[in-house]
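Asks: Quick one: structure below, then a few questions.
The values are calculated or read from the model by the stated rules, or taken from the named source; none is laboratory data. What you see is a predicted model, and the numbers here were worked out from it, not measured in a lab. Note: ideal-geometry Cβ built from the backbone for every residue, glycine included; neighbour counts use all protein chains shown. For the accessible areas, the whole protein counts, side chains as well, though only heavy atoms, and no ligand, DNA or RNA atoms are used. Shrake-Rupley method; radii C 1.70, N 1.55, O 1.52, S 1.80 Å.
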Amino acid sequence: MDKKILLVNDIPGYGKVATQAMLPILSHMGYRVFNLPTALISNTLDYGKFEILDTTTYMKHTIELWKELGFTFDCVCTGFLVSDEQGKLLAEFLSKEKGLKVVDPIMGDNGSLYNGVSEKRIDTMKRLCKHSDILIPNGTEASFLSNLYVGDTYHTEEQCYKIIEELLLLGAKSIVITSTKDGTGNHFIRGYDGINKEYFHVPFKHIPVRFPGTGDMFSAVMVGEVLKGRSLKDSVKIAARTLGQWIEENKDNKDKFQGIPVEQSLHILDAEEKNL
């Protein structure tokens with residue numbers, strides 16, 4: 001396997017989130033992984049105090065330089081953005097990329113936008129949706145992007161599929177809505193596979209332990225499986241099962257703000273790939 005993946009995400013100095021969580025997973029799966037940092041962050045935000053270095057100017061100059069050098073990628077994954085300016089820059093970049101384009105529109109959770117994220121960011125993410133082959137919002141982000149059921153913390157199957165229809169109208173080709181739950185407390189990943197033209201849902205067991213970076217880890221496994229030629233639904237199944245095992249294995253860690261030490265748990269991914 002000689003596929004090249006570009007991660008456009010922040011790089012934390014302390015903690016396994018974003019690029020620091022995704023890179024070891026995708027490297028272990030056999031890919032050549034490159035990165036374009038949207039920010040350098042001292043540590044995961046859960047600690048309450050942190051330092052952020054905005055890298056927008058660096059991103060702009062790097063993209064221009066890579067264009068001159070003729071660098072191309074088989075897949076581009078976008079994640080945390082510091083500003084709307086970065087969103088505009090990435091929308092233009094993605095519009096010219098030929099490989100698989102995966103967008104994680106990080107904006108909010110639990111029914112509301114994150115602190116510091118403005119309503120303008122929604123429009124910025126909508127522009128990225130237009131260029132995405134796979135869009136991976138959580139339930140809250142999907143609601144804001146579709147302008148349906150905003151503020152709700154759970155969605156019925158019918159509501160999820162209405163949301164998906166709106167996201168498809170934005171230009172996204174395939175959708176994976178993570179961490180949705182219905183009114184009875186059941187948890188699902190719901191989506192639409194644009195290649196096979198089918199809706200799907202994958203139930204999963206919710207483990208009431210919070211680690212930062214789990215969404216990044218899920219995305220990395222799912223993207224890696226898709227690039228191996230698996231269907232989107234099967235890729236989601238492997239990612240969900242693997243993440244569940246990672247959380248279970250590390251749930252008693254004392255400092256959960258560090259995220260999951262993924263390098264020590266990669267054997268779980270190997271086992272889950274064989275179990276499909």
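The rows are residues; the columns are (1) open to solvent by 40 Å² or more (accessible area, probe 1.4 Å); (2) under 17 Å from Leu269 (Cα atoms); (3) at pLDDT below 95; (4) not in a helix (DSSP H, G or I).
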| residue | (1), (2), (3), (4) |
| --- | --- |
| Ile195 | yes, no, no, yes |
| Pro203 | yes, no, yes, yes |
| Ile207 | no, no, yes, yes |
| Ala220 | no, yes, no, no |
| Glu225 | no, yes, no, no |
| Asp234 | yes, yes, no, no |
| Ala240 | no, yes, no, no |
| Leu243 | no, yes, no, no |
| Trp246 | no, yes, no, no |
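Asks: What about Ile177, is it hydrophobic (A, V, I, L, M, F, W, C), surrounded by fewer than 22 Cβ atoms within 10 Å (Cβ to Cβ) and at pLDDT 95 or above?
Replies: No: the conditions fail for Ile177.
Asks: Collect the residues in the range 32-62 that are more than 15 Å from Asn9 (Cβ to Cβ) and in a helix (DSSP H, G or I), keeping them in residue-number order.
Replies: Hits for the range 32-62 are Asp46, Tyr47, Thr57, Lys60, His61.
Asks: Please verify whether Ala39 is more than 22 Å from Lys16 (Cβ to Cβ) and within 17 Å of the chain's Cα centre (by Cα), treating the condition exactly as stated.
Replies: No.
Asks: Scan the range 254-276 for residues that are within 16 Å of Pro212 (Cβ to Cβ), touching a residue at least 12 places away in the same chain (Cβ under 8 Å) and either part of a helix (DSSP H, G or I) or open to solvent by 20 Å² or more (accessible area, probe 1.4 Å) (or both) and report the count.
Replies: 6
Asks: Related question: Answer with yes or no whether Ser143 is touching a Gly at 6+ places or on another chain (Cβ under 8 Å), surrounded by fewer than 20 Cβ atoms within 10 Å (Cβ to Cβ) and at negative phi.
Replies: The answer is no for Ser143.
Asks: Another question, then. Do we find that Thr62 is among the hydroxyl-bearing types (Ser, Thr, Tyr), modelled with pLDDT of 95 or more and in contact with a strand residue (DSSP E or B) (Cβ under 6 Å, 6 or more places away or on another chain) in this structure?
Replies: no
Asks: For the range 1-21, how many residues are assigned to a helix (DSSP H, G or I) and open to solvent by less than 10 Å² (accessible area, probe 1.4 Å)?
Replies: 3
Asks: Looking only at residues in the range 23-52 that are touching a Phe, Trp or Tyr at 6+ places or on another chain (Cβ under 8 Å) and open to solvent by 60 Å² or more (accessible area, probe 1.4 Å), which one is modelled with the highest pLDDT?
Replies: The residue in question is Phe34.
Asks: Output the number of the condition that Glu64 fails; it satisfies all remaining conditions of (1) open to solvent by less than 20 Å² (accessible area, probe 1.4 Å); (2) closer than 17 Å to Ala91 by Cα.
Replies: The one condition Glu64 does not meet is (1).
Asks: Answer yes or no: is there a residue in the range 87-96 that is part of a loop (DSSP other than H, G, I, E, B), open to solvent by 10 Å² or more (accessible area, probe 1.4 Å) and of a type in the set (Gly, Ala, Ser).
Replies: no
Asks: Oh, and also: Please verify whether the range 145-157 includes one or more residues that are within 16 Å of the chain's Cα centre (by Cα) and at pLDDT 95 or above.
Replies: Yes, that holds for at least one residue.
Asks: Among the residues in the range 141-149, are any out of contact with any Leu (no Cβ under 8 Å at 6 or more places or on another chain) and assigned to a helix (DSSP H, G or I)?
Replies: There is at least one residue in the range 141-149 that is out of contact with any Leu (no Cβ under 8 Å at 6 or more places or on another chain) and assigned to a helix (DSSP H, G or I).
Asks: Failed condition for Glu165, given (1) at pLDDT 95 or above; (2) open to solvent by less than 60 Å² (accessible area, probe 1.4 Å); (3) outside any loop (DSSP other than H, G, I, E, B), with all others met?
Replies: For Glu165, the exception is condition (2).
Asks: Now for a different question. Select from the range 63-84 the residues that are without any contact (Cβ under 8 Å) to a residue 40 or more places away in the chain and over 29 Å from Gly259 (Cα atoms) and list them in ascending order.
Replies: Ile63, Glu64, Leu65, Trp66, Lys67, Glu68, Leu69, Gly70, Phe71
Asks: Select, from Thr55, Thr62, the only residue that is farther than 30 Å from Lys254 by Cα, more than 21 Å from the chain's Cα centre (by Cα) and among the hydroxyl-bearing types (Ser, Thr, Tyr).
Replies: After applying the criteria, what remains is Thr62.
Asks: Another one. Suppose the filter is in contact with a Leu (Cβ under 9 Å, 6 or more places away or on another chain), of a type in the set (A, V, I, L, M) and within 30 Å of Ile238 (Cβ to Cβ); does Leu23 pass it?
Replies: Answer is yes for this residue.
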